[in-house]
Every structure is written in C-alpha cells, then in structure tokens.
Amino acid sequence: MKRDYPNLCKPLKVGNLTFRNRMVSAPMGATDITAEGTPGLRTQGFYEARAKGGAAAVTVSELVVHPETDGSQMLHLSLATPGQLGAFAYVADAIKRHGAIASIELSHSGQYAGTYMVDKKKKADLCQWGPSDGVRPDGLPVRALSVEQIEDIAAAYANAAVLARRAGFQMCMVHAGHGWLINQFLSPYFNRRTDEYGGSFENRMRFPLRLVKAVREAVGDNMAIDFRISQNEYVEGGTTLEDVITFLKAAQEYIDDANLSGGWIFDPVYVKYMMPGYPQELCLNIPRTAIVREQLDIPVTCVGNIPDVKTAEHILAEGKADIVAFARNILADMDLVNKAYRGEEDTIRPCLRCIECASRPAVGGGVRCSVNPQLGRELYYREVPEARVKKKVVVIGGGPAGMMAAQTAVKRGHDVVLFERDKELGGRLKEASVLFCKEPYHKRYLAWDRRETLGCGADIRLGVEATPDLVMAENPDEVIVAIGGEHICPPIPGANGDNVITVTEADLGLAPIGKRVVIVGGGFSALECGIQLAYEGHAVTAIDVQPEDKLWREVMNELRSGLIELRDRYGVQLVDEAMVKEIREGSVVYTRGGEDFEIPADTVVMACGLRPNKELVGQFVEMMPQVTVVGDARQTGNIFSANMSAFDAAVEL
C-alpha cells in the first residue's frame, strides 16, 4: 500500500524486536505515582493512549535504579514493595495489547537527585552523590561515589532491567543524557576523579561501559537496550561529539539503539536544549545525529524540536536517523502515528512548544497539555462521551476557548451555534501566530483549530456580535461565554494619546509604529512583543515595576532562557523596578529609585495584562441559569487555561 510517509511507516528490527514503524513515544514522565514510587491507574491510561495511537514503542519514565544514592521522587521497582511489580505489569500489558513495544527508562540522577521533588526542604536534605566531591551551583554539597558504590549502582541497573523484563517490558532505555549520573561520569565538566573512573576519556567511560555490559549480561537477548545520550551538552568543558562517537562505538556490542538527545535537565540555561521551546531552532539535534549515525552499526533515534511528521519523514529519507522519537507531539495528539499512517496530517493537532506539559509535574501536578485537555485524563476522557440528553448550546466567542467549547459540545452530540464578532476565528491566537518566534507552531495550530471548528458541524456565525436578545432568540438549553478579556490600561497621564496602542494592535500590525518604542509593562506578552518589534528593526525599551528576577516566572526555564536569549540578541532594553509617570508626545517619563527619567518614544505600547470584562460577561450571565463562563472571560490565563476550562464546561453538558 502506498503511504504518504513510507519511511516513517516502515518496520525496523531493533535487537530481537520488530518495530511496526519508525515513530516512537519518548519518555515524558508519569501522571500519578504513589509515595513508594508505584505507577497509578492514570499513568497506565496515559501510556496506553500513546500505544493505542500507533507508536511503535512507548517508553515509561523514569525508574530510579538505586534509591540509596538517588532519592528522586520518581518511579521505583522493588520486590519489597507489595503490589509494585504487578502495577508495572499492568502498565506494560496496557502498552503491548495495542501492538506497541513496552519500554522503560532506567535512571540515576547523580548529583542532581530530587530535581522533580516538590518538597524543597526534603530535596535540600538529600545527600547528593556524583563522580567527584564538590558543590553544586545552588550551594548543595556533592559527595564522590566510592568504587564499591559505583559497582553497586551498575548492578542495580542490571537488577532493574531484570525486574522490568519480569513485569513484561520488552526494552529498557538506559538514560545516560541530560546531565544525569552516567552523563556526569562521561563529562569532564563533572568528572574530576583521579582513579580508574576519571581522567582520560577511556577511564571516564569505564563505568558506563561496565553498566551496559552488566545489563546485557543480565537480560541476555530477551530484552532490547536503548541508550539515550546527550550528543551535545552545549557547555564549554563538556563531552565532545568525538567523545560521544567513541563511547557509542565501544558500547554498541551491548546496546541495540543509540538515542541522541541534548542538553541538561537541571540547568536553567542548558535545559532549553533538552526540551526546546518555540524560541529554539527546529531539529536542533539532527546535524550531529546524522554524523553519529554514519559511524555506528546499530539504529539511531533522533529527538528534539521535530515539528511534524513531514519533517520527520525527510529526516529518515535523507538517512540522518533510523527512528524518530516524538514526545510533546504525541502528547498534543495521541493519535499522531495512526493519522500519519492514514495520510491525515492536516488533522494532527500541532504542539505549541509552550512547555506546559513539563511545568506542572515540576510543581507537583500531573502531565497536562495546552492544546489537549484530555492528556493525563485518559481514564475518563480517552474519547469524548456522547451525551444522554441532546441540547441546544450557544457559544459566544470564537477564540481558543470558544473553538474548544464548540468542538467538544458537537462531539457530545449537541446542536451548537457559535457567534464571533470578527470575520474570522482565532481571538488572541491570531497575534501569537504572527510573532516570528512562535509562527512555526502557533500558526499551524491556529490553522488546525479553525479547520476543526469550521468542519465540526457547529453553526458558525462569523461577523456577528452576540447580544443577550440574539442569544435568547436561539432558545438555548446551555450558553458558554468565551469572549476573552480586555486590556488593562493604568491611569497614566497621556495614556489616551494618539501615540499609544495596545500590545494586540502592535502584534497584529493594526497601527503605525515608530522607530523608537517604549512598552509599558515587562511581562510575558511585553517580552514577546518587544522581541518581535526589535526583530523588525525598532529600538525597544520595556518598563516594569517588578525587578527582573521576578518577571516571566509563570513560564518554565526551558522557555524563559530561550526568550531572554532572543531579547538580548535583538537588543530589547529592560528598565525594571520603575514606574511610568507620564506619556508625552515623543517621550515617556518614568520614576526609578526616587529619580525621574525621560526617554524618547515615537510609539508607546500598553502591555499591562488582561482582565475579564465583568460588565459584558454579566449581561450574558443574567440571561438564564445555564450559563458557563470560560477562558479569559472567567479568569485571565493562557491558552492552557482557555482550552481546559472550555473543554471541562462542554464535556459535562
């Protein structure tokens, strides 16, 4: 059968296993873990959905192999914990029954134990073990592992693989990347030992080689071994590409696949290379991965900011890798692989690279997604259930929340009418999609969201502003209000001047913008707007009352560090701890440290946030009891809160 993506859909032999295609689900954490490290039912449902969606292999993560020296709050597997082996067996079974290979990631955090730990005091009390004595950048002391401990950890990896195989897993991923323990031994940045495990690269790779040899001897040919490594640490003094190739050549007699990632997970700067957000370059690991592949006799898996299946197909067609690992793409659309098989790329829900999926586990929440509100809730919403009673539903607003509400309500079987005052759907997604650093992702998502909404079966009325009378004329059973928020404009003298525009007007190019721009506000939307205007050639200064280290805290390090890099590259100036006092024709006056300053400004952009339009929302709420307010109309948030609140409202109608 002819397929649109023949290379992605081609089977592949990996060790003694046969992958049904070349698309695998990369490890992305668990949604519920007990205090003992046992996976719960939501984790089982989470991974089963990836397998049911067509992935060739699904890797469960992360399993701590040696709790005595790694106190991380992740998965554990021990016969001493009642029911734990059985819980892992249920997860493996859930993956395999849909034809996917069940894989599990074996990990040791080394001197960064507790990275995911929510209890920061408990994290600070952990003993940090690494290759060498030292002090971490955050002040925590690191103790060097003894030779006896090193040998014990290697044996622990082998024992964990045996137990995982006993639970039904067919492959294990030995995690040697992202700054974890094995990476620490390989890298001269961390490893300053003077014994047989340090110094020369031959010595530094001794522990990792003994480890994978021990795992292979323990599982024999009954389990495939996937080896994940950072092909680039992106730090001076780290491992080189030549080091990575040398090690993998030596290790390939024990492993079945080389899985090439990059960066560090624990560092606020280098983590953006491990989980690149939308500011980072596309396919950033592929050039080096292609070089490594030329040197090895085993399959090579690539990962890292691969935006879509079309790009993935080209990577394989050009011989740069053998397998493509999707992480966030498959979180955004659990049926990505099946849709690629059927040639339905236009129906694949795109990932925004917003890092929402990683931000919630970092603060104790489950895995969530800005564009897929079913993620992490597959036990309840793997499919949208059909309503027992069909209703007439009116949705007011055609932004992301309104579109999600309409799509979901139609899937429930309801009769839906959507009013949107503009002549096209999109709301604030329209401005996000024109920013150069977001365009590859947000523009695709906006196009997808519009297609899905226009084609879902709802009655979409564009260019029609809803009023209470117009809504009530539809005789609705339920109303969902998704009208978005309104811009906050502080009472600054001159704020109503002709040279003052909103951040939306700036982003969408709805007003002329002079050479010198001052942005009032330094938050997330101001930062992105400033980067875009500077990219276009404007001289930009942002002014905010907060100190810089308090700004942009609502986003993960992966995203924040990438945006700051762009800000500095394009020369956006920030004046923090300052208050705008007056806006004049041609200048802005602000106060900082008790002193007034005046800077030239041809255009002033107001970026002080949004708030619900309570007066307008109130008019609709008063119509009838069955009115639900969602998105920014209810509480100012982001696209995650917009989509989630809209889905939750519609799925329960």
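The values are calculated or read from the model by the stated rules, or taken from the named source; none is laboratory data. What you see is a predicted model, and the numbers here were worked out from it, not measured in a lab. We place every Cβ from the backbone using ideal geometry, glycine too, and count neighbours over all the protein chains shown. Ligands, DNA and RNA are excluded from the accessible area calculation, which covers all protein heavy atoms including side chains. Shrake-Rupley method; radii C 1.70, N 1.55, O 1.52, S 1.80 Å.
Summary table
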read-out	value
Residues being among the charged types (D, E, K, R) and in a helix (DSSP H, G or I) - total across region 43-85	3
Residue within region 595-607 that is more than 19 Å from VAL518 (Cα to Cα) and open to solvent by 40 Å² or more (accessible area, probe 1.4 Å) present	no
Unique residue being open to solvent by 10 Å² or more (accessible area, probe 1.4 Å) and either small (Gly, Ala, Ser) or out of contact with any strand residue (DSSP E or B) (no Cβ under 6 Å at 6 or more places or on another chain) (or both) when the list is GLN149, GLN170	GLN149
In region 550-573, residue surrounded by the fewest Cβ atoms within 10 Å (Cβ to Cβ) [restricted to those that are of a type in the set (Gly, Ala, Ser) and at negative phi]	SER561
Residue pairs meeting the criteria (Cβ under 7 Å; at least 6 apart or on separate chains; first over 18 Å from ARG349 (Cα atoms), in region 423-444; second among the hydroxyl-bearing types (Ser, Thr, Tyr) and open to solvent by less than 40 Å² (accessible area, probe 1.4 Å))	GLU431/THR504; CYS437/TYR278
Filter pass, PRO350 being out of contact with any His (no Cβ under 9 Å at 6 or more places or on another chain), of a type outside the set (A, V, I, L, M, F, W, C) and touching a residue at least 40 places away in the same chain (Cβ under 8 Å)	no
Tabulated pairs, region 1-29, first without any contact (Cβ under 8 Å) to a residue 60 or more places away in the chain and under 24 Å from GLU62 (Cα atoms), second loosely packed, with under 15 Cβ neighbours inside 10 Å and of a type outside the set (Phe, Trp, Tyr), C-beta under 8 angstrom, 6+ apart or interchain	THR18/PRO11
Residue within region 501-510 that is in contact with a Gly (Cβ under 6 Å, 6 or more places away or on another chain) and either in a helix (DSSP H, G or I) or open to solvent by 10 Å² or more (accessible area, probe 1.4 Å) (or both) present	no
So VAL464, is it open to solvent by 10 Å² or more (accessible area, probe 1.4 Å), of a type in the set (Val, Ile, Thr) and either farther than 27 Å from LYS614 by Cα or in a loop (DSSP other than H, G, I, E, B) (or both)	yes
GLU585 open to solvent by 40 Å² or more (accessible area, probe 1.4 Å), more than 25 Å from LEU533 (Cβ to Cβ) and of a type outside the set (A, V, I, L, M, F, W, C)	no
Residue ranges of helices (runs of 4 or more DSSP H) in region 165-237 with at least 1 members at pLDDT 95 or above, among the hydrophobic types (A, V, I, L, M, F, W, C) and closer than 30 Å to LEU79 by Cβ	181-186, 206-219
Restricting region 465-495 to residues that are farther than 19 Å from GLN407 by Cβ and of a type in the set (A, V, I, L, M, F, W, C), the residue that is farthest from the chain's Cα centre (by Cα)	ALA473
Filter result for GLY631 (surrounded by 15 or more Cβ atoms within 10 Å (Cβ to Cβ), closer than 29 Å to ILE513 by Cβ and modelled with pLDDT of 95 or more)	yes
Hits in region 263-302 (condition: of a type in the set (A, V, I, L, M), in contact (Cβ under 8 Å) with a residue 40 or more places away in the chain and open to solvent by 10 Å² or more (accessible area, probe 1.4 Å))	ILE265, VAL269, MET274, MET275, LEU282, ILE291, LEU296, ILE298
LEU551, sole failed condition from (1) within 22 Å of the chain's Cα centre (by Cα); (2) in contact (Cβ under 8 Å) with a residue 60 or more places away in the chain	(2)
Unmet requirement for ILE298, which otherwise passes all of (1) touching a helix residue (DSSP H, G or I) at 6+ places or on another chain (Cβ under 9 Å); (2) more than 22 Å from ASP322 (Cβ to Cβ); (3) assigned to a loop (DSSP other than H, G, I, E, B)	(2)
